[in-house]
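Have a look at the structure below, then the notes.
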Amino acid sequence: MSNRENAPRNHQTETAKTTRRDVLAGTAAGIGLAAGALASASSAMAQSQTTGEYAGKTAFVTGAARGIGRACAEALAAGGANVVIFDIAEQIPDVPYPLATAEDLADTKAAIEAMGVGCISVQGDVRDFEAQKSAVDQAISEFGSLDFAIANAGITQIGALEGFDEAELSLVIDINLKGVIKTVQAATPIMREQGSGRMILMSSVTGRAGSANFPVYSATKWAVIGLAKSTALALGKSNVTCNAVCPTLVHTKLLDNDYILSSIVPGQSLTFEQFNEGAKGRHILPVGLYEPSRIGDCVRFLCGEGAALISGDVFDVGAGLNAQFPA
């Protein structure tokens with residue numbers, strides 16, 4: 001509601017005479033005040049009509065400009081949550097495939113706002129703790145709470161372990177692991193103080209089973225699971241949950257790019273169609289690379305009341321592939 005006070009009304013004294021101009025001016029002022037009140041009431045009504053299980057709540061999602069991050073942001077927005085989307089949205093020189101752009105980030109913001117909820121977009125690097133802290137502070141300032149933190153930002157890397165140099169190792173570890181740690185660090189004080197919150201850390205099927213093709217990436221995703229369990233233990237008494245989600249083969253630009261398609265089979269460049277057929281062979285259910293909305297569905301569930309007592313767990317969205325893992 002606005003704190004502005006209505007302008008004082010003009011009152012005729014016993015000796016003053018009301019002129020035609022006074023009447024017209026007073027009428028115009030009254031119409032202006034009424035129009036302003038109507039606009040304010042309409043805005044309040046629009047906000048009050050935001051529905052869904054997460055109406056009035058706020059989510060912070062990293063790596064949200066496209067792919068799984070965007071799917072998670074849209075899934076929570078569809079439930080009525082306001083969303084702060086955070087993405088570097090520019091190319092990192094040493095990443096060998098195209099990253100999301102500023103245009104992708106703007107497109108995601110527009111799509112979320114079209115759902116009738118609030119959205120703040122922040123172009124920032126998860127390696128920068130102060131940038132993440134500033135973004136969650138914006139969430140509090142604009143929307144009043146930080147209810148969900150989705151640490152999704154990450155990059156991939158393919159090749160034999162001995163082939164990676166110091167810079168390549170640091171890049172993947174700094175983004176995929178230290179970046180997630182910094183998301184948890186940024187969100188923790190707020191959620192602890194308010195006595196509630198849900199954190200979801202994006203791991204991978206390669207965080208549940210090793211990968212010769214993605215060894216360093218796999219190591220970071222195993223570490224993310226350990227971080228999720230440790231965070232669940234640390235924040236449980238504050239009514240904050242933390243879980244890890246492990247996708248398998250998702251149709252995003254992380255996998256659908258020339259770098260991956262030309263490297264996944266040594267000496268052979270695959271088409272996306274061939275890669276998709278290979279995914280069908282790996283999955284137990286009859287699907288190839290599936291859409292990121294499937295991960296968004298899982299995240300939406302983990303943020304809901306039905307998952308209130310689930311913490312420190314690992315959710316495989318594996319199309320049955322995870323049935324082969326040890327219990």
Being over 14 Å from the mean Cα position of the chain (by Cα) and closer than 27 Å to ALA228 by Cα narrows it down to one residue among ASP147, ASP174; which is it?
ASP174
Restrict the check to the stretch 238-252 and report whether at least one residue is of a type in the set (S, T, N, Q) and touching an Asp or Glu at 6+ places or on another chain (Cβ under 7 Å).
yes
Can you name the condition, by its number, that ARG9 falls short on among (1) part of a loop (DSSP other than H, G, I, E, B); (2) at pLDDT 95 or above?
(2)
For the stretch 95-128, give me each residue that is among the β-branched types (Val, Ile, Thr) and over 15 Å from the mean Cα position of the chain (by Cα).
VAL95, THR101
Condition first: surrounded by fewer than 16 Cβ atoms within 10 Å (Cβ to Cβ) and either in a helix (DSSP H, G or I) or modelled with pLDDT under 95 (or both). Now tell me which residues in the stretch 302-327 satisfy that.
GLU305, GLY306, ALA323, GLN324, PHE325, PRO326, ALA327
Can you give me the number of residues within the stretch 289-306 that are within 13 Å of the chain's Cα centre (by Cα) and either of a type in the set (A, V, I, L, M) or outside the structural domain of ALA279 (by TED's automatic domain parsing) (or both)?
2
List the number of the failed condition for LYS253; all other conditions in (1) over 17 Å from the mean Cα position of the chain (by Cα); (2) loosely packed, with under 15 Cβ neighbours inside 10 Å hold.
(1)
Considering only residues that are touching a Phe, Trp or Tyr at 6+ places or on another chain (Cβ under 8 Å) and on the phi > 0 side of the Ramachandran plot, which ones fall in the stretch 287-327?
ALA319
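The values are calculated or read from the model by the stated rules, or taken from the named source; none is laboratory data. All values derive from a computational prediction rather than experimental measurement. Positions of Cβ are generated from backbone atoms using ideal geometry, with glycine treated the same way; all protein chains shown enter the neighbour counts.
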